[in-house]
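Read the structure below first, then the notes.
The values are calculated or read from the model by the stated rules, or taken from the named source; none is laboratory data. Note that the structure is predicted; figures quoted are calculated from it, not measured. Every residue, glycine as well, gets a Cβ built from its backbone with ideal geometry; the counts of neighbours run over all protein chains shown. We work out accessible area using only protein heavy atoms, side chains counted, and drop any ligands, DNA or RNA first. Shrake-Rupley method; radii C 1.70, N 1.55, O 1.52, S 1.80 Å.
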Amino acid sequence: MDRQLSPTRPAAEPETRNNADWWRQAAVYQIYPRSFADANHDGLGDLPGVTSRIGYLKELGIDAIWLSPFYPSALADGGYDVDDYRNVDARLGTLADFDTMVAAAHEAGLKVIVDVVPNHSSNRHRWFSEALASAPGSPERARYHFHEGLGEQGELPPSDWPSHFGGPAWTRVTESTGANAGDPGQWYLHLFASEQPDLNWENPEVREDFHTTLRFWADRGVDGFRVDVAHALAKDMSLPLRSKPSLQILLDDGTDPLFDRDEVHEIFAGWRQVLNEYDPPRAAVAEAWVPFTHRRLKYAQPTGLGQAFNFDLLQAPFDAGEFRGIVASCLAEAAASGASSTWVFSNHDVIRHPSRYALPDGTDAQALDAWLLNGGTHPQPDPARGLRRARAATLFMLGLPGSAYLYQGEELGLFEVADLPLDALEDPTWFRTGNRIKGRDGCRVPLPWDAGQENHGFGGTPWLPQPAWFAAHAVTEQDGVPGSTLELYRDALAWRRKLQAAESLEWLSASGDPLLHYRRPNGWEVLTNFGTEPAPLPVSAEASRIVLASGPVARPPQQIPGETTLWLAP
Ligand code: NOJ
């Protein structure tokens with residue numbers, strides 16, 4: 001008879017990771033604050049909402065929370081347009097609420113990571129207002145990248161650089177002072193939305209101010225930082241500006257005009273000195289979409305931020321060969337940098353992984369965008385398969401050495417909300433591409449906590465509408481239900497503490513095998529069948545060793561079902 005395994009979950013152990021290396025194999029849970037829990041019922045999640053759910057997070061079994069920006073912001077880019085780096089958005093709470101949240105997290109044994117957004121401020125930051133009110137060439141403008149336009153009247157942007165969200169990366173200002181007051185004048189650079197002017201990291205004042213920001217939050221007890229677009233801070237702005245018609249294609253030798261330049265590491269060496277003023281030193285993880293392993297590892301050096309995201313598994317198809325190759329190269333990269341590896345399948349910028357895996361094999365990034373725009377309805381093309389694969393992939397990943405970054409709602413098996421009403425969309429991508437690319441709102445829909453309550457227990461009317469199918473994914477529907485995705489995550493995160501050992505693994509399966517089988521140094525084993533057909537179990541996989549399965553397995557198991565992961569105790 002097929003049935004879900006229901007192992008006896010190990011009891012939580014007293015906090016043993018209160019040391020400088022806590023981040024190396026941490027399970028970090030990303031909170032997108034506006035969509036997590038809404039304590040004051042205004043439709044936006046808030047910091048008291050986070051505090052109210054610390055018990056849930058502790059029970060989930062994570063080690064740390066990472067909060068996406070909660071700073072004052074007009075939300076032109078979901079908070080990644082920061083008005084003031086050292087304050088809390090009044091809609092999300094106060095600094096006192098932040099302190100309360102940190103205290104509650106620490107009391108529960110959870111570390112707290114906050115997002116820093118150094119590539120750009122918002123256009124409502126005091127510095128940008130001062131820049132607009134000042135003349136070309138002024139120190140106020142020198143905190144950003146203001147340039148004269150090309151063409152006889154300066155009517156053309158200074159370069160052909162596009163913005164990440166569509167349209168040009170330059171916006172022209174109307175001068176407000178001097179002889180040209182009232183006339184179109186200089187252009188400023190924004191690699192993202194026009195509300196996100198890029199800061200000039202050549203300027204010592206900018207560098208010093210971010211040191212102040214790091215200390216501000218570290219002094220409030222923050223344990224680590226996630227560094228937004230870390231690879232973009234250093235730029236070659238020497239004239240004439242070099243052509244770069246695509247932001248997707250990077251040079252791999254540190255000479256790209258906009259990304260991953262060698263000088264960026266001087267900036268992070270300075271950050272590391274600040275982070276090391278604390279005991280234990282504050283952790284940091286670079287968001288650097290750098291596809292080259294030899295370049296990415298520089299961000300993860302102990303003299304730099306210390307850790308870097310890799311998005312390789314996130315971008316890979318559900319395929320044994322692809323997964324094996326990525327794990328091998330990321331572990332080698334981590335070893336070479338002195339860091340631990342990071343793993344991630346979902347975050348606030350990508351289509352949730354059960355939905356990605358529900359789409360036909362071979363669906364590429366463009367086809368994903370097209371699916372969202374044209375065919376994005378729920379149910380997904382094959383939701384059962386999507387979730388089955390997502391659970392198998394997650395269990396495969398949670399057994400790996402290194403840090404696992406989880407995105408809120410993935411523990412509930414949430415799919416992308418692909419059919420949000422168009423008039424609800426807020427992602428700047430939607431507007432800046434002339435409504436051609438829908439963007440990232442579908443993974444940011446507020447969480448369903450309680451199927452029986454209004455707004456699924458989130459709070460007030462959510463800023464993005466929740467679909468009716470969210471009810472089946474609510475915490476109340478999964479809590480204590482054997483086989484639910486929530487219970488699977490709880491089991492996995494509890495067993496993970498036992499499974500973690502030295503940061504290495506040994507492959508037991510042959511390369512080319514659709515079944516991946518690895519062993520950690522303390523004898524724990526993980527097996528994933530990436531194929532769709534059941535595969536024979538290796539002899540070593542005695543039934544008594546199986547503590548966890550991502551899907552139903554027969555008892556005693558003869559085979560490992562397709563698209564399923566098993567964990568074997570030593
Ligand atoms: C990366 C963040 O994850 C994303 O949400 C944001 O839009 C860009 N950086 C710009 O800050």
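The figures follow:
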| read-out | value |
| --- | --- |
| Rounded to 10°, Cα long-axis angle of helix 383-398 versus longest principal axis of the chain | 90 |
| Dipole in debye (nearest 20) - the stretch 504-568, about Cα centre, beta carbon charges: Lys, Arg +1; Asp, Glu -1 | 200 |
| Amide H contacts of W170 (H built 1.01 Å from N, under 5 Å, at least 5 apart or other chain) | H190 |
| Counted charge near D423, where neighbours are those whose Cβ lies closer than 14 Å (Asp, Glu -1; Lys, Arg +1) | -3 |
| Length-normalised contact order for the chain - Cα pairs under 8 Å, 6+ apart - percent | 15 |
| Gain on full stretching of the segment that runs from A510 to K498 - 0.36 nm per residue minus C-alpha separation | 1.7 nm |
| FRET efficiency, D419 to A179 (Cβ-Cβ, R0 56 Å, nearest 0.05) | 0.55 |
| Percent accessible area from carbon and sulfur atoms, the stretch 504-568, protein chains only, probe 1.4 Å | 54 |
| Cβ-Cβ FRET estimate between E130 and Q366, R0 fixed at 41 Å, reported to 0.05 | 0.50 |
| Amide H contacts under 5 Å for A284, placed H, 5+ residues apart | F225, Q307 |
| Spin-label pair N203/T293, simplified geometry with 7 Å Cα→Cβ offset, distance in nm | 4.0 |
| The stretch 126-189, accessible surface, carbon-and-sulfur percent (1.4 angstrom probe) | 54 |
| Helix axis angle, 95-107 relative to the chain longest principal axis, alpha carbon, degrees | 30 |
| Nearest-0.05 FRET efficiency for T8 and E533, computed from C-beta distance (R0 41 Å) | 0.85 |
| Ordering of 27-36, 296-305, 543-552 by burial proxy (mean other Cβ atoms within 10 Å per residue, highest first) | 27-36, 296-305, 543-552 |
| Modelled label reach - A471, point 7 Å along Cα→Cβ, the stretch 443-458 residues with backbone N closer than 18 Å | 446-458 |
| Contour minus Cα-Cα distance for A451 and A569 (0.36 nm per residue) | 38.9 nm |
| Nitroxide proxy distance, nm - points 7 Å out along Cα→Cβ at A20 and I249 | 4.4 |
| Among 44-51, 450-457, the order from most to least packed when residues are scored by Cβ within 10 Å on average | 44-51, 450-457 |
| Contact order relative to length of the stretch 504-568, as percent, for alpha carbon pairs under 8 angstrom and 6 or more apart | 32 |
| ³J(HN,Hα), Karplus 6.51/-1.76/1.60, whole Hz, each residue of the stretch 434-446, x for Gly, Pro | x, 6, 9, 10, 5, x, 10, 5, x, 9, 10, 5, x |
| Ranked packing of 107-113, 253-259, most packed first, by mean Cβ within 10 Å | 107-113, 253-259 |
| Rounded Å value of the spacing that divides the Cα centres of the stretch 99-119 and the stretch 485-534 | 30 |
| Nearest 10 degrees, 0 to 90: helix 320-337 Cα axis against the chain principal axis | 60 |
| Per residue value of the accessible surface for the chain (all protein chains in place, 1.4 Å probe), Å² | 36 |
| Beta bridge orientation in the chain: antiparallel %, DSSP, nearest 5 | 55 |
| Length released on extending from T212 to T303, taking residue separation times 0.36 nm less the Cα-Cα span | 30.8 nm |
| For G551, residues with placed amide H under 5 Å, excluding near neighbours | T565 |
